[in-house]
Every structure is written in structure tokens, then in C-alpha cells.
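Take a look at the structure below.
The values are calculated or read from the model by the stated rules, or taken from the named source; none is laboratory data. This structure is a prediction, so every number in the text was calculated from the model and none was measured. Note: ideal-geometry Cβ built from the backbone for every residue, glycine included; neighbour counts use all protein chains shown. Areas reflect the complete protein model, heavy atoms only, side chains present, ligands, DNA and RNA absent. Shrake-Rupley method; radii C 1.70, N 1.55, O 1.52, S 1.80 Å.
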Amino acid sequence: MEVKVRPFDCWDDFKNYRIEYYKDYLEAKDKGGIRWAGSAWSFDPVPAGLGEDVYPLTGEPYGATAAFFREFSVRALETIERKGAARDLCGYMRNYWGSVAMDKYLLADGTEIEPFPKPDFNFTIHICCTHAKWYHYAAELEGGVPTYAVDISVGPGYQLDDKKIEYVVRQLEDAVTWMEKVTGREYDDELLIKAVENEAKSMTLWSKICKLNQAVPAPMEEKSMFSFYVMTLLRRSDERVVKLYEKLYDEVESRVKRGIGALTHEQFRFVTDNPPPWPFLKVYRYLEQTYGAVSVGSIYTFGLGAAWVGMDEKGENWIWEVAPTPEEAGYEIHDRRSALWWTAMFNLKYRASWQHEYSHWIRKQETLQMVKDWKADAIIMHLNRGCELWNMSTLEVRDYLVKNDVPVATYEGNMADPREFDEARTFNVIDSFMQSLGIERLV
């Protein structure tokens with residue numbers, strides 16, 4: 001059956017925001033502003049209290065952008081390897097370090113700028129073995145940058161209690177004092193409150209948009225989602241990001257009502273899991289064009305920057321339902337402490353990608369439930385050598401899904417190192433898998 005398709009009306013809005021984001025960071029000092037760098041999982045609203053001219057650079061999206069431009073990525077990777085960085089370290093991190101070591105900054109369109117813009121401070125979190133160390137070493141490469149890392153390793157959200165939240169809140173309170181000291185600026189609590197509210201709106205809006213992709217035909221395919229989901233990892237506390245997601249939600253909802261799909265011929269639905277091989281996104285187009293196979297999402301695109309209810313109170317079942325905003329939860333944010341408490345609780349409890357880092361069981365449940373809720377016929381898993389944390393339980397999850405009658409294909413690669421991907425071999429894996437399921441080729 002043929003399905004109506006059409007480009008996204010808001011595509012250019014998302015594209016232009018991303019272009020401006022990297023330019024704003026580059027030009028921040030010319031405007032008298034402040035630059036800060038850190039993980040995309042950092043508590044993004046906290047530096048917002050320093051003023052309206054504060055511009056972030058989140059490392060994982062930057063590393064993915066570098067990976068997409070293969071020639072730049074290879075130069076960056078080889079540069080940092082000559083300084084002693086091991087090839088089994090985080091691919092995003094090595095692209096970032098290599099870019100700093102080359103003193104070349106990459107814009108969203110692939111333009112290279114010299115020198116690499118030095119941040120006023122680094123502000124990050126620590127959950128995997130490299131998050132804090134990423135910015136400690138970046139600070140050394142840049143000749144000395146004040147660096148602050150927040151330890152968030154307090155366990156899964158369904159086991160969260162006041163003591164664990166307080167542990168993180170106190171670190172954030174100390175971070176505010178530290179930021180005032182290193183920047184010489186007075187902190188504005190009203191800007192923090194607004195940023196915390198925007199964060200919750202952005203993350204829950206993206207969750208609602210992901211839920212719409214349960215429709216048949218799917219209104220979005222994952223390759224397009226890669227351009228949409230990243231806003232929550234660039235600057236989710238920005239009111240402009242909230243407006244972008246409001247616009248996208250309205251458009252996707254309209255597409256569902258009108259039966260507009262991502263593919264003209266949707267004959268197979270699948271989900272994925274790990275970060276994709278950014279230099280080789282043609283894998284997704286091959287599946288679409290050759291087999292009418294649409295990726296309806298993944299625990300990566302859905303879990304990284306969205307907010308979900310997650311595990312039930314007993315820790316037995318995963319629930320892909322949208323988490324509440326402060327207003328919906330009846331929580332009043334009225335001062336610095338209440339704002340910091342909310343952002344700590346909200347991320348620790350509802351950020352899906354933090355939950356499965358603590359337990360193979362959680363990842364098994366969220367993946368199996370995603371297959372069911374998004375009506376997927378199978379899962380195609382990326383055995384990603386570029387991220388130890390995300391790939392930590394992939395094969396255990398694979399075995400669990402097979403035992404639950406979910407067809408699974410796996411291919412090897414690296415999310416951010418173009419040298420670690422065999423294109424021909426991957427396409428052979430896909431062809432064999434699809435043929436084993438009796439899926440006919442369209443071309």
C-alpha cells in the first residue's frame with residue numbers, strides 16, 4: 001500500500017538553530033558573552049543563571065558532527081592518538097580532543113575555523129568512566145580551563161529517594177558558587193527558574209513526539225529524528241528549543257491524522273539501540289529504499305534527551321509514558337533551591353538513558369517494551385565499539401529479546417570512528433537478515 005509522504009515543514013528551523021548554535025559559541029566573546037563546555041547530559045539550566053549571553057558547547061553532539069565529516073574526523077583521531085589516546089576510548093571524546101589538539105573548530109556545515117574557541121569553564125557530569133576525565137584532559141589541552149563535574153551515580157530512578165537527590169542538589173549549589181567565582185558574575189535565580197522550566201518542557205515535548213511514532217504508518221523515520229532529538233542535547237533550557245518542539249509536535253500530530261508516513265512503502269518496522277555509525281547513516285537509507293523498512297526509534301533517540309516514567313515502583317516493568325512537568329506534578333519552583341531540586345530529581349528519575357546504565361534488567365525491559373509499544377517487527381543492534389557505556393549490555397539484551405521471540409540482527413561498528421566500519425559487510429548482514437524473515441526487496 002502506498003502512503004503519502006512529504007518533507008517536514010519545520011526542517012529548516014531545526015537546521016538553522018543548529019547552525020546558529022555552533023556559531024554562537026564561536027562568536028560569544030565578540031559579544032561580551034561567556035562560553036562553557038560539557039557533556040550533553042550536564043545540568044544545562046544551571047549555567048543559564050549567569051546571564052542571557054551564556055553559550056554552551058556540548059561534547060557528544062560535537063563529536064558526532066565531527067564523525068559525520070569523515071576526513072576531519074580521521075585527522076582529529078590520528079592527532080590525539082599520536083598524543084597517546086587509546087582507540088578503545090569514547091569515539092565522541094577522541095573527536096573532541098583531536099579537534100582541540102589540532103586547534104580547529106568545526107561548524108555544522110563542515111567549515112573548519114582556527115583557533116578552537118576556548119571555554120571560560122567546563123561544567124559536566126560523571127556517570128561513565130570518561131565523562132569527567134573528558135573535560136579534565138580537554139582543560140589541559142586548552143592550556144588550563146576551570147572544570148567542575150557533578151557526580152550523578154546514585155542508582156536508577158525507581159529507587160530514588162530524598163537523600164540521593166540531596167547529594168546532587170548540594171553539588172549543584174556548590175557549582176553555582178563556583179561559577180560566580182570563575183566568571184566574576186552575579187547569579188540570577190530567575191534565569192535559572194526559567195531555564196529549569198524550559199528543560200522540562202523540551203524533554204517532555206520530545207517524549208510526546210516520540211509517542212506519536214507509534215502510529216502506522218510511522219510519521220517519522222529515525223534518520224530524520226537524529227536532526228530533531230539533538231536539540232535536547234544542545235541547549236534544552238533555551239525557550240527557542242521549546243518553541244521548536246511545540247512546532248514539531250503539531251506537525252507530527254497533523255501527519256498522523258492525515259496518514260502521512262515517513263516512507264511511501266512501509267512494509268517493515270524496526271527499532272535500534274546504540275548510537276548509530278554517524279559517518280555511515282546510509283545504512284538507514286539502504287533499509288528504507290531496498291526493503292521499505294523504517295526505523296521507528298531507539299532507546300538512544302528516545303531515551304537520551306526525553307523524559308519517561310520508566311520502571312514501575314517494584315522495578316519489574318518499564319513504562320514508556322511521558323513524565324510530568326513541574327506544573328503537571330503540582331511542584332512550585334520559586335527560588336534557587338527548589339529549581340535545583342527539580343532539575344536534579346527530574347533528570348535522575350526520568351532520563352531513560354541514565355536508568356539502564358545501572359542494570360541489564362532495566363535495559364532488557366525498556367527495549368522489549370519499545371518493540372511492543374512501537375509495533376516493531378524486529379530490532380537491528382549496533383555493536384558499537386565507540387561507547388563502552390552504551391554497548392555494555394547489548395549482547396545480554398540481544399539474547400533476552402531472542403528468548404522473547406523478537407528477531408534480532410547485529411552489526412559491528414563505531415559511532416564516531418570512520419575507520420571502524422565495514423560497509424559491505426554490514427549490508428550483507430542486513431540482506432541476510434531481511435531474507436531470513438521473508439521480506440521482499442523493493443528494488
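Between E78 and T177, the simple label model (points 7 Å from Cα in the Cβ direction) yields a spacing of 4.9 nm. Accessible area per residue for the chain, computed on protein heavy atoms with a 1.4 Å probe, is 39 Å². In region 186-316, the convex hull through the Cα atoms has an average projected area of 10.4 nm², a quarter of its surface area. Looking at the chain as a GNM with Cα springs under 10 Å, which of V176, V402, V46 has the largest mean-square fluctuation? Answer for the Gaussian network model of the chain: V402. The relative contact order of region 73-207 comes to 15 percent, based on Cα pairs under 8 Å that sit 6 or more residues apart. What you get for the chain, charging only the Cβ of Lys and Arg (+1) and of Asp and Glu (-1), is a dipole of about 820 debye around the Cα centre. Solvent-accessible surface (1.4 Å probe) assigned to C90 amounts to roughly 20 Å².
Summary value for region 213-362: 24 percent relative contact order, contacts being C-alpha pairs under 8 angstrom separated by 6+ residues. When all protein chains stay in place and ligands, DNA and RNA are ignored, the 1.4 Å accessible-area order of Y411, Y331, largest first, is Y331, Y411. Give me the log10 of I(q) over I(0) for region 317-419 at q = 0.17, 0.20 Å⁻¹, as the Debye formula computes it from C-alpha points; what are the numbers? For region 317-419, the Cα-only Debye profile gives -0.87, -1.03.
One way to sum up the overall shape of the chain is the equivalent ellipsoid from its Cα gyration tensor, whose semi-axes run 33, 26, 21 Å, largest first. Measuring with a 1.4 angstrom probe and ignoring ligands and nucleic acids, R6 comes out at about 100 Å² accessible.
Local charge for G157 was computed over the other residues whose Cβ lies under 9 Å away, with Lys and Arg +1 and Asp and Glu -1, and equals +2. Our estimate of slack between D161 and D312, defined as 0.36 nm per intervening residue step minus the Cα-Cα distance, is 52.9 nm. Rolling a 1.4 angstrom probe over the chain with all protein chains present gives an accessible area of which 48% lies on carbon and sulfur atoms. Relative contact order, whole percent, for the chain stands at 19, derived from Cα pairs under 8 Å and 6 or more residues apart. Farthest towards the positive end of the charge dipole of region 72-198, among the residues I125, V145, Y96, is the Cα of Y96, using unit charges on the Cβ of Lys, Arg, Asp and Glu. Annotation for E52 and D103: the two label points, set 7 Å from Cα along the Cα-Cβ direction, are 3.6 nm apart. Subtracting the Cα-Cα distance of T410 and Y331 from 0.36 nm times their residue separation leaves 24.1 nm of extension gain. Only one residue of G310, V322, H360 has its Cα farthest out toward the positive end of the dipole of the chain, where Lys and Arg carry +1 and Asp and Glu -1 on Cβ, and that residue is H360.
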